[in-house]
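Asks: Have a look at this one.
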């Protein structure tokens, strides 16, 4: 029986928290008219900085400037599969840009009761040298997603996008937007500093105070700009090489958070690594613990083993689920990473490597499935997912 | 006992195109029928990976197996690409193109009688 069929046969009252059956932690709403969808939410002075709406501008100047404005993106590599072709509701529109169609294809099709919306097409703002413009775009996205998606279906929740370059501006945006509890996590896109850097502490402090988790997610800019997360060892040549090796960037960020004592300093802080992979995690847990036992005084602020901070405070999402030839290896992996408490379900709709929950999660035992599909997410997001 | 299922006028499925047909509720009742350089092929319209409707994908060519940094385009209009994870299937055989542990689509015979295309299933 599929998840949707199970739901159809049970009581489907969505506002009863015990009836949340599935939480999808990663759905990417796409823009209808490119960045213009978000630019419309920018204040006039910021638009004027990019040549839009200036007195004396001819309309074609504005149109040209609208089309010409870019944020850093994955311009080094070409993925011809890209977005799922079947998420276009007609030939004219971008896949994944229509909330009605997304509702049918994701929420209704798979019986998903909550879907966390994360940025698509704009998360490269962390690599913008102009911190003020990056912050304005983050606010613009938050307003856009609220108007066009969160208001459309009460099953949607969203990341609260922040640009990390100016933590004080990021804190202001968190304070503003988090009042709307449909923003269930702070979505921290990255720059060229690891997440444990102390300059980010104001962001962690406000998240700790508000008890709102933080999420991070691959961007597309990794290794592509000096202002973006750097790539270990050099620059990959091909898209598949880049996509496969990207987990190393997030591995480094996780280690940085623990090593800098971020979880020790902020006892409520919880972080989800969305679409960052899981199969690299056992090595980090074991290697970090072994190093810490020998060199405890290098990080004297850690009161417990590094693995304990990771397993208690960090979560990871299922997509893209690895597919080893021997399915038993997946069971071993789940045991090693304590998947019953660390793993949360995601589809990554409408991207090419979308996971069908009816197939990708068939490898989980019934108990683990329940934890992964909903229980862990409810514990992680608390009242913001209800 | 296999039966002949009528698809329709063969001329309506032109080379390089595919169409989907549904004859029931089961997965095996959902077919895609394509014209590969004048030959008609029919398969169950479901990707063996995660069950995507292959008829939502594309038909085209691809880069063939080669030596490193050598690029050869070929199999024009012979390759069906899944709309979800991009798996490539040789429409002539229904087999995946990746080198090892190939997967295969469920294939049906076709025949054209008096200009009408049938699938034997």
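Asks: Suppose R0 equals 51 Å; then what is the FRET efficiency for residue A:151 and residue A:322 from their Cβ-Cβ distance, rounded to the nearest 0.05?
Replies: Working: r = 36 Å, r/R0 = 0.71.
About 0.90, to the nearest 0.05.
Asks: For chain A, modelled as a Gaussian network with Cα springs under 10 Å, which listed residue fluctuates most, A:105, A:30, A:319?
Replies: Maximum fluctuation in the GNM of chain A, among the listed residues, is at A:105.
Asks: Hey, what number do you get for chain A at 222 nm if only DSSP H runs of n ≥ 4 count, each worth -39500 (n - 2.57), divided across all residues, to the nearest 500?
Replies: On the way: 18 runs with 141 residues, N = 386.
Estimated from H runs of four or more residues: -9500 deg cm²/dmol.
Asks: Here's a follow-up. Over 5 Å intervals from 0, what percent of Cα-Cα pairs in segment A:237-386 sits in each interval?
Replies: 2, 8, 18, 21, 20, 15, 10, 5, 1, 0
Asks: If you don't mind, there's one more thing I want to ask. Hey, quick one: spin label on residue B:65, modelled 7 Å out along Cα-Cβ, who in segment B:83-101 has an amide N within reach, i.e. under 11 Å?
Replies: Within reach of a label on residue B:65, which here means backbone N under 11 Å from a point 7 Å along Cα→Cβ, segment B:83-101 contributes B:97-101.
Asks: Between residue A:62 and residue A:198, what is the FRET efficiency for a Förster distance of 41 Å, r being their Cβ-Cβ separation, to the nearest 0.05?
Replies: On the way: r = 42 Å, r/R0 = 1.02.
Calculated transfer efficiency: 0.45.
Asks: Choose one answer from A:266, A:332, A:41: the residue with the largest mean-square fluctuation in a GNM of chain A with alpha-carbon springs under 10 Å.
Replies: Highest fluctuation among the options: A:332.
Asks: With all pairs of different alpha carbon atoms counted, what Kirkwood hydrodynamic radius in Å does segment A:334-386 show? The partial results should precede the final answer.
Replies: On the way: mean 1/r = 0.0843 Å⁻¹.
Hydrodynamic radius (Kirkwood, Cα pairs) of segment A:334-386 is 11.9 Å.
Asks: How much length is gained if the chain between residue B:22 and residue B:120 is pulled fully straight, taking 0.36 nm per residue apart and subtracting their Cα-Cα distance, in nm to one decimal?
Replies: Values: separation 98, 0.36 × 98 = 35.28 nm, distance 1.43 nm.
Extra length from residue B:22 to residue B:120 when fully extended: 33.9 nm.
Asks: So between residue A:298 and residue A:244, what do we pick up on full extension, going 0.36 nm a residue minus the alpha carbon distance?
Replies: Contour length minus the Cα-Cα distance gives 16.3 nm.
Asks: Something else now. I need the calculated FRET efficiency for the pair residue A:286 and residue A:32, taking r as the beta carbon distance and R₀ as 51 Å, to the nearest 0.05. Kindly include the intermediate steps, with their values, before the conclusion.
Replies: Numbers: r = 47 Å, r/R0 = 0.91.
The pair residue A:286/residue A:32 has a calculated efficiency of 0.65.
Asks: If you don't mind, there's one more thing I want to ask. Please report the spacing between the Cα centers of segment A:240-308 and segment A:98-127 in Å, no decimals.
Replies: About 28 Å separates the Cα centre of segment A:240-308 from the one of segment A:98-127.
Asks: So if the hydrodynamic radius of chain B is defined as the Kirkwood radius over C-alpha pairs, what does Stokes-Einstein give as its diffusion coefficient at 10 °C and 1.306 mPa s, in µm² per second? Write out the running numbers ahead of the final one.
Replies: Working: Rh = 14.9 Å.
The estimated diffusion coefficient comes to 107 µm²/s.
Asks: On to the next question. Which order do B:116, A:186 fall in if you start with the one that has the fewest other Cβ atoms within 10 Å?
Replies: Numbers: B:116 14, A:186 25.
The fewest-first ordering by Cβ neighbours comes to B:116, A:186.
Asks: Could you give the distance between the Cα centres of segment B:28-87 and segment A:319-386, to the whole Å?
Replies: Using only Cα atoms, the two centres lie 29 Å from each other.
Asks: While we're here: Return the distance in nm (one decimal) between the two label points of a simple spin-label model at residue B:109 and residue A:109, each offset 7 Å from Cα along Cα→Cβ.
Replies: Output for this residue pair reads 3.5 nm.
Asks: Now a separate question. Nearest 5 is fine: what % of DSSP beta bridges in chain A come out antiparallel, could you say? Show your work: numbers first, answer last.
Replies: Working: 1 of 23 bridges.
Close to 5 percent.
Asks: Connecting C-alpha atoms closer than 10 Å in a GNM of chain A, tell me which of A:247, A:235, A:317 has the biggest fluctuation.
Replies: The residue with the greatest mean-square fluctuation here is A:235.
Asks: So, one more: Expected output is a single nm value to one decimal: the length gained when fully extending between residue A:205 and residue A:365, i.e. 0.36 nm times separation in residues minus the C-alpha distance. What is it?
Replies: On the way: separation 160, 0.36 × 160 = 57.60 nm, distance 3.74 nm.
That works out to 53.9 nm of additional length.
Since every read-out is calculated from the coordinates, none of them should be taken as a lab result. Nothing here was measured: the structure is a model prediction, and the numbers come from that model. Here the Cβ is made from the backbone with ideal geometry for all residues, glycine too, and neighbour counts use every protein chain on show.
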